[in-house]
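See structure below.
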Amino acid sequence: MSQPELLRHLRLPPGAQGDHLSAASALVRVDRNLFVVADDELHLGQFNLDDMHGGSLLRLFEGELPAEKKARKAAKPDLEVLALLPAMDGFAAGALLALGSGSTEGRQRGVLLGLEASSQSRLIDLAPLYQPLHTHFSELNIEGGFLLGEEFLLLQRGNQGQASNAAVQYGWSELRDWLLGRAAAPLPRAIQPLQLGELNGVALGFTDGAALADGRWLFSAVAENTADSYNDGACLGAMIGLVEHDGQVRCLAQLDGQWKVEGIALAQDGSLLLVTDADDPQVAASLLRLPLEL
């Protein structure tokens, strides 16, 4: 077992909507800034590695979510992907792309948000992109996404009832043109099934991914004891893995079972930053660090 270092809890300053982020689901690092989406929020969290005392919220969607847990679960956009994109027309400093999981009709919303202060956000209807994936997968549940060279990968998460994890590959230029409203939603270039195995008798499912400079990529996965893409279950273990150039999966670290890791990003020193979801709105998400040997 590998025990990551706890860096902080994702708490917010007084006066913010709530005093913490709880269900952290994806993580991006830009220099010393950390951007976090939570799957039960309408906001993006922003934190700084040099300030361990608080963060801020940036609204992504209008409206308010119900406070009651069951109603909130039904209404939330279920943002599970946060990807860093390079400079492009209208986004001179690059952009963040937040995507819903697609597991229900209401979870097919996304946001393209520029990193420069003057940038306008762009709401994205994901239905045209996800429709072919609904045909391919019996239960769509997109949990990670990132740019890998000239391709953009989406990670489909399997579960105990359907243990089919996969990497869905798009041409980046085609996806970019769709995001900017210049072209129709692209079809996947390839859908690669990936076998992650089990922990404690429960199938591992993707929760996030991150590209390496050499073309390989890292992923986080958890063994969540649920048989579908909607209901939560007990987390029985988490793993950090590596996908080699030939598509082979290699386990790098099995984590202590208390951590349900939902988002990962590479730190400047080559270690891995991780954020967690406690499946309890009263519990703040944690930011962890894990040394890696690649």
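Structure above, values below:
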{"quantity": "³J(HN,Hα) computed for each position of the stretch 261-269 - Karplus, 6.51 cos²θ - 1.76 cosθ + 1.60, integer Hz, glycine/proline x", "calculated": "7, 10, x, 9, 7, 6, 7, 5, 8"}
{"quantity": "Whether the stretch 1-84 is rounded, prolate or oblate, judged on the alpha carbon gyration tensor where a/c under 1.5 counts as rounded", "calculated": "prolate"}
{"quantity": "Long-range HN-HN contacts of residue 87 with modeled amide H, under 5 Å", "calculated": "94"}
{"quantity": "Taking the convex hull of Cα positions in the chain, its mean projected area over all directions (nm²)", "calculated": "14.0"}
{"quantity": "Mean residue ellipticity (222 nm) of the chain, computed from DSSP H runs ≥ 4 via -39,500 (n - 2.57), nearest 500", "calculated": "-2500 deg cm²/dmol"}
{"quantity": "Computed lengthening from residue 31 to residue 183, 0.36 nm per intervening residue step minus Cα-Cα distance", "calculated": "51.5 nm"}
{"quantity": "Contour excess over end-to-end distance, with Cα ends at residue 123 and residue 58 and 0.36 nm allotted per residue", "calculated": "22.0 nm"}
{"quantity": "Cα centroid separation, the stretch 66-87 to the stretch 102-141 (Å)", "calculated": "11"}
{"quantity": "Percent RCO, i.e. relative contact order, over the chain, from Cα pairs under 8 Å lying at least 6 residues apart", "calculated": "18"}
{"quantity": "17 Å reach of a label modelled at residue 9, 7 Å along Cα-to-Cβ, counting backbone N of the stretch 261-294", "calculated": "275-289"}
{"quantity": "Net length gained if the chain between residue 69 and residue 116 were fully extended (0.36 nm per residue, minus Cα distance)", "calculated": "13.5 nm"}
{"quantity": "Long-range HN-HN contacts of residue 44 with modeled amide H, under 5 Å", "calculated": "58, 59, 60"}
{"quantity": "Hz values of 3J(HN,Hα) by residue in the stretch 23-37 - Karplus curve (6.51, -1.76, 1.60), Gly and Pro given as x", "calculated": "9, 4, 10, 6, 9, 10, 10, 10, 6, 9, 9, 10, 10, 9, 9"}
{"quantity": "Note, ³J(HN,Hα) from phi for the stretch 110-126, Karplus 6.51, -1.76, 1.60, rounded to Hz, x at Gly and Pro", "calculated": "x, 9, 9, 10, x, 7, 7, 4, 8, 6, 8, 7, 10, 7, 10, 7, 7"}
{"quantity": "For residue 237, distant residues with modelled amide H under 5 Å away", "calculated": "223"}
{"quantity": "Under DSSP loop assignment and at most 14 Cβ neighbours within 10 Å, longest GluC sites (Glu not before Pro)-free interval of the chain", "calculated": "151-243"}
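We did not get these values from a lab; they are worked out from the coordinates using the rules stated. Just so it is clear, the model here is predicted, and its values are computed rather than measured. So basically every Cβ, Gly included, is an ideal-geometry build from the backbone, and we count neighbours across all protein chains shown.
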